[in-house]
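Q: Okay, handing you the structure first.
The values are calculated or read from the model by the stated rules, or taken from the named source; none is laboratory data. All figures in this text were calculated on a predicted structure; none of them were measured in a lab. Cβ atoms come from the backbone with ideal geometry, glycine included; neighbour counts cover every protein chain shown. Note: accessible area is taken over every heavy atom of the protein model, side chains too, but ligands, DNA and RNA are not part of it. Shrake-Rupley method; radii C 1.70, N 1.55, O 1.52, S 1.80 Å.
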Amino acid sequence: NVNLKYLYLYDNQIQELPEQLVTNNVKLERLYLHNNQIQKLPEQFLTNNVNFLERVYLNDNQIQEIPEQLLTNNVNLQYLFLYNNQIQELPEQLVTNNVNLEFLYLHNNQIQEIPAQLLTNNVNLEILYLHTNQIQEIPAQLLTNNVQLKKLHLYNNQIQEIQAQLLTNNVDRKS
């Protein structure tokens, strides 16, 4: 159905997603897949939904790995929920071109390292939750362009040192 705007598949026992599940749903705005048993996301799963996709709910699953190109060109994406999974590594290109991204929830995973360029183009990012992971270091340039950032949660990790430059480039920061 090319006119489908909302797809609700949450609170099921889905373990695997077909790569073509939403391929032709170019008007899809919201995708609710949370609270399932999804372990792996197909490589090209959301690459054709570039025009309208605003919210993706993949939280509370068993996802261990995120495909490099999962959301690369979804320019209207505003909310990405990937918390309460088993993610260990974040692709550097995960949200690179998502200039309208406002909320990124990556807490309660097993993330050990944050790519330095992860948030390069996310100038509208307001909330970033990275708490309750296994992060040891936060790259100094991670938040360079995130002048709209209002909430940053890094607690309950394994961070031993914070670099002074981490917050210095965010001159427009509000409470």
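Q: Roll a 1.4 Å probe over the protein chains and send me the accessible area per residue for the range 66-152 in Å².
A: That works out to 37 Å² for each residue.
Q: Still on this model: As a test of the definition: which semi-axes, in Å, follow for the range 29-84 when you take the square root of five times each eigenvalue of its alpha carbon gyration tensor? Largest first, please.
A: Result for the range 29-84: semi-axes of 18, 13, 8 Å.
Q: Return the Rg/Rh ratio of the range 78-126 with Cα-based radii and a Kirkwood Rh.
A: Ratio value, two decimals: 0.95.
Q: Given the peptides 125-138, 150-163, arrange them by the average over their residues of other C-beta atoms within 10 Å, most packed first.
A: The densest-packed peptide leads the list: 125-138, 150-163.
Q: Can you give the FRET efficiency to the nearest 0.05 for GLU43 and TYR79, using r as the Cβ-Cβ distance and R₀ = 25 Å?
A: Here the calculated transfer efficiency is 0.65.
Q: For the range 99-105, take each phi angle, set θ = phi - 60°, evaluate the Karplus expression 6.51 cos²θ - 1.76 cosθ + 1.60, and give the result in whole Hz per residue in order, putting x for glycine and proline.
A: Here the 3J(HN,Hα) series is 5, 9, 4, 10, 10, 10, 10 Hz.
Q: Okay, next question. Spelling out what I want: for every residue of the range 66-79, take phi, set θ = phi - 60°, compute 6.51 cos²θ - 1.76 cosθ + 1.60 (Karplus), and round to whole Hz; glycine and proline get x.
A: Once θ is set to phi - 60°, the couplings for the range 66-79 become 10, x, 4, 9, 3, 10, 3, 10, 7, 5, 9, 4, 10, 10 Hz.
Q: Would you kindly give the portion of the calculated P(r) for the chain that falls above 30 Å, as a percent of all Cα pairs?
A: Counting every Cα pair in the chain, those more than 30 Å apart make up 15 percent.
Q: Let me ask something additional. When the scattering of the range 66-161 is computed by the Debye formula from its Cα atoms alone, each counted once and equally, what is log10 I(q)/I(0) at q = 0.13, 0.17, 0.23 Å⁻¹?
A: Results for the range 66-161 at q = 0.13, 0.17, 0.23 Å⁻¹ read -0.38, -0.67, -1.31.
Q: Just to be sure I understand the model, the point goes 7 Å from the Cα along the line to the Cβ. What's the resulting PHE52 to THR23 distance in nm?
A: Taking the simple label geometry, PHE52 and THR23 are separated by 1.9 nm.
Q: Another question, then. Tell me which residues come under 5 Å, amide H to amide H, from ILE63 once H is placed; ignore anything under 5 positions away on its chain.
A: GLN86
Q: Using 0.36 nm times the number of residues separating LEU7 and TYR155, minus their current alpha carbon distance, what extension gain do you get?
A: 50.0 nm
Q: While we're on this one: Compute, for the chain, the length of the dipole vector about the Cα centre, with Cβ point charges of +1 (Lys, Arg) and -1 (Asp, Glu) only. Units Debye, rounded to 20.
A: 580
Q: Anyone know which of GLU89, GLU65, GLU16 comes out most mobile in the 10 Å Cα GNM of the chain?
A: Evaluated over the chain, the most mobile residue of the options is GLU16.
Q: Can you grab the distance from the C-alpha centre of the range 91-150 to the C-alpha centre of the range 1-34, Å, no decimals?
A: Between the Cα centre of the range 91-150 and that of the range 1-34, the gap is 25 Å.
Q: Which Cα, out of TYR8, TYR83, PRO115, lies furthest along the positive dipole direction of the chain (beta carbon charges, K/R +1, D/E -1)?
A: Farthest towards the positive pole: TYR8.
Q: Please report, as a whole percent, how much of the solvent-accessible surface of the chain comes from carbon and sulfur atoms (probe radius 1.4 Å).
A: Roughly 41 percent, rounded to a whole number.
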